[in-house]
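The values are calculated or read from the model by the stated rules, or taken from the named source; none is laboratory data. If you're wondering where the values come from, they're calculated on a predicted model, not measured in any experiment. All Cβ positions, glycine included, derive from the backbone under ideal geometry; neighbour counts span all protein chains shown. Side chains are part of the model used for accessible areas, which takes the heavy atoms of the whole protein and leaves out ligands, DNA and RNA. Shrake-Rupley method; radii C 1.70, N 1.55, O 1.52, S 1.80 Å.
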Amino acid sequence: KNVLMKTFIKQHPLFSYFLVTFIVSWAGILAVSIFLGMPATSDKFESIGPIALIPTLLGPPIVGIIFTHLLYGREGLRSLLARFLRWKVPVKWYLIALLFVPVTLCLILFILSRFSPAYYPKILLQPDKTNVIITGILTGLFGGGLFEEVGWTGFATPELRKRYGVVKTGLILGFFWGLWHFLPVYWGSGNVNGELDWSLFLPGLFCHYTVLVPYRVLLVWLHEQTKSLPPVILMHASLTAFILFILNLNEGGLPLFVYYTCFSLILWAMVWLCAKKVRRTHCSFPS
């Protein structure tokens with residue numbers, strides 16, 4: 001059985017990776033939901049959610065490391081570690097990774113706030129601003145970039161790049177990245193009675209495909225330019241930290257839809273421009 005499994009994984013590495021990653025990542029939520037319900041009540045999600053989401057966080061990197069070893073042995077692990085430790089890249093890539101999201105979101109919020117106070121960012125309205133910033137940074141690094149990208153960029157991106165260009169790789173991986181978020185968001189979108197709060201669920205679902213898919217194209221592009229994981233990790237962390245915490249809105253529903261829509265339009269415009277340049281120059285992506 002083990003031989004058959006290894007053979008199947010070697011023949012279908014991407015299918016196997018996504019399948020096993022989803023099983024591992026969703027296992028904790030499905031197990032806890034037996035006792036807490038689906039979706040969970042808002043208070044139960046706040047208290048138990050972080051524990052149930054640990055397998056979700058560990059799924060992409062653990063499966064990515066295991067599959068790298070199965071397919072490429074120690075040499076593959078050394079190559080993965082080398083990209084993880086390759087931090088000496090031009091400063092401009094770190095600036096793009098760290099500043100693209102906050103600068104773009106600040107511009108969007110500045111314009112939208114001229115029309116409604118609903119678009120004042122959370123950092124301006126919360127009394128404990130330090131806590132919002134620290135929570136955002138730590139969640140972005142450890143609840144997003146640091147763990148996830150070992151799998152998404154460390155394993156899945158190179159495998160997809162063997163068959164597809166940068167843009168198509170980003171679109172395919174972005175689709176699965178968005179889908180991977182579905183169950184955690186659904187489970188965490190319950191109200192005090194455990195009923196689905198559509199004002200929480202729908203904006204998140206919307207964001208996962210209109211924002212995450214094009215953003216993944218940019219992450220693949222960044223990795224293509226640097227062959228390094230640290231800038232990609234930081235760019236992922238920047239998205240999580242700012243759009244979910246520091247520059248998030250206090251209101252859900254329509255304002256959040258508008259906010260996400262504006263950001264997604266900018267992202268898709270960048271993807272379109274980059275894809276157009278790729279076709280014109282017949283290269284992966286412009287430097």
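Is it the case, given these coordinates, that VAL232 is surrounded by fewer than 23 Cβ atoms within 10 Å (Cβ to Cβ), of a type outside the set (D, E, K, R) and under 11 Å from the mean Cα position of the chain (by Cα)?
Values: surrounded by fewer than 23 Cβ atoms within 10 Å (Cβ to Cβ): no; of a type outside the set (D, E, K, R): yes; under 11 Å from the mean Cα position of the chain (by Cα): yes.
So VAL232 fails the test.
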Check your understanding: Are any residues in region 106-121 touching a residue at least 60 places away in the same chain (Cβ under 8 Å) and either touching a helix residue (DSSP H, G or I) at 6+ places or on another chain (Cβ under 6 Å) or small (Gly, Ala, Ser) (or both), and if so, which ones?
Key -> ILE108, LEU109, LEU112, SER116, ALA118, TYR119, PRO121
Check your understanding: For region 140-195, list the helices (runs of 4 or more DSSP H) that sit wholly inside it and hold at least 1 residues that are basic (Lys, Arg) and out of contact with any Ser or Thr (no Cβ under 9 Å at 6 or more places or on another chain); which are they?
Key -> 166-180
Check your understanding: Which pairs have Cβ atoms under 8 Å, sit 6 or more apart or on different chains, and link a residue in region 77-98 that is without any contact (Cβ under 8 Å) to a residue 40 or more places away in the chain to one that is open to solvent by 60 Å² or more (accessible area, probe 1.4 Å)?
Key -> LEU77/ILE65; LEU77/HIS69; SER79/TYR72
Review point. Are any residues in region 110-132 surrounded by fewer than 15 Cβ atoms within 10 Å (Cβ to Cβ), among the hydrophobic types (A, V, I, L, M, F, W, C) and in a helix (DSSP H, G or I), and if so, which ones?
Key: PHE110, ILE111, LEU124, LEU125
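Residues that are at pLDDT 90 or above and crowded, with 19+ Cβ neighbours inside 10 Å: which helices (runs of 4 or more DSSP H) entirely in region 1-60 hold 3 or more of them? Spell out the reasoning first.
On the way: elements: 2-11, 13-36, 42-52.
Result: 13-36.
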Revision key, fill the gap. Of (1) open to solvent by less than 10 Å² (accessible area, probe 1.4 Å); (2) touching a Gly at 6+ places or on another chain (Cβ under 6 Å), HIS208 fails just (1)
Point to revise | Some residue of region 141-160 being aliphatic (A, V, I, L, M) and surrounded by fewer than 19 Cβ atoms within 10 Å (Cβ to Cβ) | key: yes
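Could you tell me whether any residue of region 1-24 is under 17 Å from PHE142 (Cβ atoms) and within 19 Å of the chain's Cα centre (by Cα)? Spell out the reasoning first.
Just the residues of region 1-24 that are under 17 Å from PHE142 (Cβ atoms), to begin with: none.
No; the residues of region 1-24 include none that is under 17 Å from PHE142 (Cβ atoms) and within 19 Å of the chain's Cα centre (by Cα).
Just checking, how many residues over region 166-180 are open to solvent by 40 Å² or more (accessible area, probe 1.4 Å) and not charged (D, E, K, R)? Step through it out loud before you land on a result.
Going through region 166-180, the residues open to solvent by 40 Å² or more (accessible area, probe 1.4 Å) turn out to be 168, 171-172, 175-176, 179.
From what is left, the residues that are not charged (D, E, K, R) are 171-172, 175-176, 179.
Counting residues in region 166-180 that are open to solvent by 40 Å² or more (accessible area, probe 1.4 Å) and not charged (D, E, K, R) gives 5.
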Check your understanding: Checking LEU107 against (1) at pLDDT below 95; (2) open to solvent by 90 Å² or more (accessible area, probe 1.4 Å), which test does it fail?
Key -> (1)
Point to revise | Single unsatisfied condition, LEU219 versus (1) in a helix (DSSP H, G or I); (2) open to solvent by 10 Å² or more (accessible area, probe 1.4 Å) | key: (2)
Review point. Out of region 86-95, which residues are out of contact with any Pro (no Cβ under 8 Å at 6 or more places or on another chain) and in a helix (DSSP H, G or I)?
Key: VAL91, LYS92, LEU95
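Taking THR104, is it within 30 Å of LEU124 (Cα to Cα) and of a type in the set (S, T, N, Q)? If you could, list the steps in order and put the result at the bottom.
Numbers: within 30 Å of LEU124 (Cα to Cα): yes; of a type in the set (S, T, N, Q): yes.
Taking the combined requirement at face value, the residue satisfies it.
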